[in-house]
Amino acid sequence: MAKITKRVVDQIEPGPVETVHWDDELRGFGVRVWPTGRKVYIVKCRIKGRQRRITLGTHGPVTAEKARIKAMGILSEAKAGNDPVREQDQARVAPTVKGLGERFLKEHVAIHCKPSTQAEYKRSVELFINPKIGTRKVTDIERRDIAELHQSLSHIPYQANRTFGVLSKMFNCAEVWGLRLDGSNPCLHVKKYVEQKRERFLSPEEFAALGKALRDTEQDQSETQSAVDAIRLLLLTGCRLGEIMTLKWDHVDLKAQELRLPDSKTGAKIVHLGKSAVKVLKGIKKVDENPYVVTGRKEKSHLTDLQHPWRRIRAKAGLDDVRIHDLRHSYASGALALGEGLPMIGKLLGHTQVQTTARYAHLADNPVKSAADRVSETIEKAMRKKVARKAKANQKSGSAAEKPIPIAAE
């Protein structure tokens, strides 16, 4: 066939079967003609050892010249060893963001994340991601789409950042699964909202008020004994809420004064117990056929809701702004006040990274400042005493010099 031009293609008559007419100047460039009269420009090339026929566009909307230019680009890329239609292939088979979220929760989150994290990720996907961009194709999502979604949650900045983190992980998985090009994560360069880490530590007076509230609660039985026991254990161990709520008697070794937790936020760990914590554990009655230390109302179950009892107990103590997790922070601040260093605090709390314990570093300054005060005051007193003695010596020498010298009579 001659060189493919608009005039040549217009003159091609359709036959009873599909036919392809190839250009005699650009090898691999042709036009496919259907029996219906539909004419489509195509290019044929070998991409990474695989023979491919790529559609360039329909004759009419796409001119012969534009199709030729596009075919030359594809042939050039293929000759260089690249895949010029990879993005087209991905776009054709790409799932929606909702579909990606379902696969992400099933194949990544369910395998690599703990149950509490799984629930949080699922919540972000279903409540915040799907309603915004769930119907869009994964390949169509751009950075501005992520920025707009993040901005739409500006009234809840902490949730906005959590949702953004889930999106970033989802699109990382999309790259691993070949649904997007490598390095194309649209979350890149989108800035998170600044988060202010809250720090609340109980003072000795507040510890006393909370202790009284717990004793009063036991006496009037306004809360279950399990709730009171759980709060005492949180106060005396520095454990996380989930670690105490799901604690089993099999994990407790009172002789060694240890809790051997098979799993936690940082994996398996040993929690060393003080005598006060051991005393609380010894005072908890074991329930037959219930493996949990902090038992729930249902048989063989643990307590599932401590938030509501905690709010009522903290109200009795006048500590309405104190969260359950602040008890863990208070345990750490108490250790620092007794002179324990940050490495020891990290071991007590089960931290695996130094940076996590470093958030308490500023509290360690208080004993240092007190020591600095004592040292400076001691030096200042010594300096005052030294100056006083010198002045007194000068007074004595001065009085002797001013005393008149007796003159012998002539």
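Any read-out appearing in this document is the output of simple, stated calculations on the displayed coordinates, not a laboratory observation. These figures come from a predicted structure and were not determined experimentally. With ideal geometry, Cβ positions are generated from the backbone for all residues, glycine too; neighbour counts draw on all protein chains shown.
By definition, a body whose alpha carbon gyration tensor gives a ≥ b ≥ c is oblate when a/c is 1.5 or more and a/b is not larger than b/c, and the stretch 183-279 fits this oblate description. Neighbours of LYS6, meaning other residues whose beta-carbon lies under 12 angstrom from its beta-carbon, give a summed charge of +3 when Lys and Arg score +1 and Asp and Glu score -1. Work out the charge dipole of the stretch 29-185 with +1 on the Cβ of Lys and Arg and -1 on the Cβ of Asp and Glu about the Cα centre, then indicate which of MET170, ALA110, ALA78 is farthest towards its positive end. So the residue furthest toward the plus end is ALA78. What net charge is computed for the residues neighbouring ALA67, neighbours being all others with C-beta under 11 Å from the C-beta of ALA67, Lys and Arg scored +1, Asp and Glu -1? Summing Lys/Arg as +1 and Asp/Glu as -1 gives +3. Maximal additional length on extending the VAL287-ILE111 stretch stands at 60.0 nm, based on 0.36 nm per residue less the C-alpha distance. With each label modelled as a point 7 angstrom along the Cα→C-beta vector, the TRP22-THR304 pair spans 7.0 nm. Cross-link partners for LYS6 among the aspartates and glutamates, with Cα-Cα distance under 13 Å and sequence neighbours closer than 8 places in the same chain left out: ASP23, GLU65. Put in line by how crowded their Cβ is, counting other Cβ atoms within 10 Å and starting with the fewest, TYR331, TYR193, TYR41 read TYR193, TYR331, TYR41. The phi torsions of the stretch 312-319, fed into the Karplus equation with coefficients 6.51, -1.76 and 1.60 and a -60° offset, translate into couplings of 6, 5, 5, 5, 4, 7, x, 10 Hz, rounded to whole numbers, with Gly and Pro shown as x. PRE reach from VAL278 (point 7 Å along Cα→Cβ): which of the stretch 238-265 fall under 11 Å by backbone N? Under cut-off, by backbone N: 253-258.
Each residue of the stretch 217-233 was assigned a 3J(HN,Hα) from its phi angle through the Karplus expression (A = 6.51, B = -1.76, C = 1.60, θ = phi - 60°), giving 5, 5, 5, 8, 6, 6, 10, 5, 5, 4, 5, 5, 4, 4, 5, 4, 5 Hz with x at Gly and Pro.
State whether the stretch 1-47 is rounded, prolate or oblate according to the following rule on the C-alpha gyration tensor (a ≥ b ≥ c being the square roots of its eigenvalues): a/c under 1.5 gives rounded; otherwise a/b larger than b/c gives prolate, and the remaining case gives oblate. Verdict is oblate for the stretch 1-47.
Is there a pair in LYS169/LYS197; LYS106/LYS300; LYS98/LYS137; LYS265/LYS285 whose C-alpha atoms are over 19 Å apart, and which pairs would that be? Table pairs above 19 Å Cα-Cα are LYS169/LYS197; LYS106/LYS300; LYS265/LYS285. Checking the cross-link filter: which lysines have an alpha carbon closer than 23 Å to that of LYS385, excluding same-chain neighbours under 8 positions apart? Answer for LYS385, where 23 Å is the Cα cut-off: LYS396, listed by chain and number. Spin-label model, SER376 to GLN159: label points 7 Å out along the Cα-to-beta-carbon direction sit 4.8 nm apart.
Residue order for ARG7, ARG143, ARG68, fewest other beta carbons within 10 angstrom first, comes to ARG7, ARG143, ARG68.
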